[in-house]
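In what follows, a structure is listed as structure tokens, so that the remarks can point back to it.
The values are calculated or read from the model by the stated rules, or taken from the named source; none is laboratory data. Note that the structure is predicted; figures quoted are calculated from it, not measured. Heads up, the Cβs are rebuilt from the backbone with ideal geometry, glycines too, and the neighbour counts pull from every protein chain shown. Side chains included, ligands, DNA and RNA excluded: accessible areas come from the protein's heavy atoms. Shrake-Rupley method; radii C 1.70, N 1.55, O 1.52, S 1.80 Å.
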Amino acid sequence: MKKLNIGIYGFGVVGQGLYSVLQKSKTVDAKVSSVCVKQKNKIRTIKEPLLTLDREKILNNPDVNVVVELIDDAAEAYHLVKESLYKGKSVVSGNKKMWAAHLEELIHIQNETGKSLLYDASACGSIPIIRNLEEYYDNDLLKSITGILNGSSNYILTQIFRDGKVYANALKEAQALGFAESNPESDVSGSDSLYKLIIITAHAFGIIVSSDDIFRFGIDNISDFDVQFAKEKGLRIKLIARVTKAEDGKISMYVVPEFVSPDKYIYNVEDEYNGVIIEGEFYDKQFMFGKGAGAYPTGSAVLSDITALSHNYKYEYKKRKYFKIPEFTNRVSLKVYLRYDRTEDLRHFDFEEIFEQYAGLGTHFVVGKISLEKLIKIKDILPGLPVFLGVL
Ligand SMILES: NC(=O)c1ccc[n+]([C@@H]2O[C@H](COP(=O)([O-])OP(=O)(O)OC[C@H]3O[C@@H](n4cnc5c(N)ncnc54)[C@H](OP(=O)(O)O)[C@@H]3O)[C@@H](O)[C@H]2O)c1
């Protein structure tokens, strides 16, 4: 087992969680030599010389062989990860936004430098989805991965459906409990789920897709009318990230609220929990469930990556290495529910077929078939429209 000398960037929720978990774990021979943070005047549980504000202290220390990057700034994280690799250090990171934007380049630098990059904590916190996709699902039998990948939005939806709260109050409660960021945009708009879906897809199917090409719709416009529509049919609304391989081998992806029936595993994934369903050719469905965020669950996932490094573990990106990388397509049609408050907004949606239509006082809806290709064309105007969309 390799002896590890660790430099940590960030001592927030996850950094502190990792630090505590490391103190309690005897399974890894690791010493933390520096923890680098940003602000000078914060009260901390650790002090100098362990604590530093000098980012170069870790990078320029030749004894540090592992950099653990846990900061909340994706642009700076990217520079830190790159510089660490070029300085001959392996990296563990939980920064999904950074991975989703730079995965291709960082895999290349990893190969160039021979160092290792691990980031299981970046997708679904404590659920070990990435290493499982790498090692167990290293065949071409996967058909789809469906998940609730964001704990904050799931907490909000649970409060709405189970406890009868309205969106604004449920959001406030999620923020007060620390499940949602003070700026929750990334959670409720589906961006956070999308970053995770991009990472998961790279390991499941070998393809790295740009976030600009994937349709995403969040839960921030959900209304009492939408909730009532779901409840009358015995359904719950969940923010779902999905990647599917079609019969022709092409891959499609989206992050969209879905109306979920009680016979589905994810119907019962409640509160801040995450759930992932892996569907394959001969084994049907498997379900992974657990905490997707928080100091200790995420800290434990980071510890698991650190332990893996002590055994010289690397992601091999087997789906990219040994299989033909599939094509991505948005030529897939979905059955959706669209609620719109102004009649003129319907013209933006090019439905192929309409199954049901309702016009009420100030609220209207359509149930129909529309392609991801048509939806992605209007993705920039959608956030400004008073509409809600969900897959039925
Ligand atoms: N929270 C979760 O449950 C969770 C789950 C999975 C993944 N993640 C990911 O893990 C990362 C950390 O999240 P978090 O929730 O722990 O964030 P956080 O609580 O906001 O803490 C961020 C930490 O980063 C430090 N920092 C920011 N910019 C820095 C810089 N330029 N140099 C050095 N330190 C810097 C901050 O320093 P100061 O203390 O001086 O402000 C703070 O200690 C993010 O990428 C997040 O997406 C989080």
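Here is how the numbers come out for the structure above:
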| read-out | value |
| --- | --- |
| Column: log10 I(q)/I(0), Debye, Cα scatterers of segment 279-392, q = 0.21 Å⁻¹ | -1.11 |
| Rounded Å value of the spacing that divides the Cα centres of segment 236-257 and segment 291-341 | 13 Å |
| FRET efficiency, Asn61 to Glu316 (Cβ-Cβ, R0 22 Å, nearest 0.05) | 0.15 |
| Cα-Cα pairs of segment 56-134 separated by more than 15 Å (percent) | 54 percent |
| Length added when fully stretched, Asp212-Glu353, from 0.36 nm per residue minus Cα-Cα | 48.1 nm |
| Normalised contact order of the chain, rounded percent, pairs of Cα under 8 Å and 6 or more residues apart | 19 percent |
| Listed peptides 54-60, 9-15, 376-382 by packing density, highest first (mean Cβ within 10 Å) | 9-15, 54-60, 376-382 |
| For segment 1-151, projected area of the alpha-carbon convex hull averaged over all directions, nm² | 10.4 nm² |
| Long-range tail of P(r) for segment 330-392 (Cα pairs > 13 Å, %) | 60 percent |
| Within a Gaussian network of the chain (alpha carbon springs, distance under 10 Å), most fluctuating of Lys24, Lys245, Lys89 | Lys24 |
| Kirkwood Rh, Cα atoms: Rg over Rh of segment 271-322 | 1.07 |
| Check: segment 330-392 dipole with +1 on Lys, Arg Cβ and -1 on Asp, Glu Cβ, in debye | 160 debye |
| Neighbourhood charge, 13 Å Cβ-Cβ cut-off, centred on Leu22 and excluding it, Lys, Arg +1 and Asp, Glu -1 | +1 |
| Value in Å of the Kirkwood radius, where the chain supplies the Cα pairs that are averaged | 21.9 Å |
| 18 Å cut-off, amide nitrogen to a point 7 angstrom out along His108 Cα→Cβ, residues in segment 208-226 | 208-211 |
| Segment 330-392, accessible surface, carbon-and-sulfur percent (1.4 angstrom probe) | 49 percent |
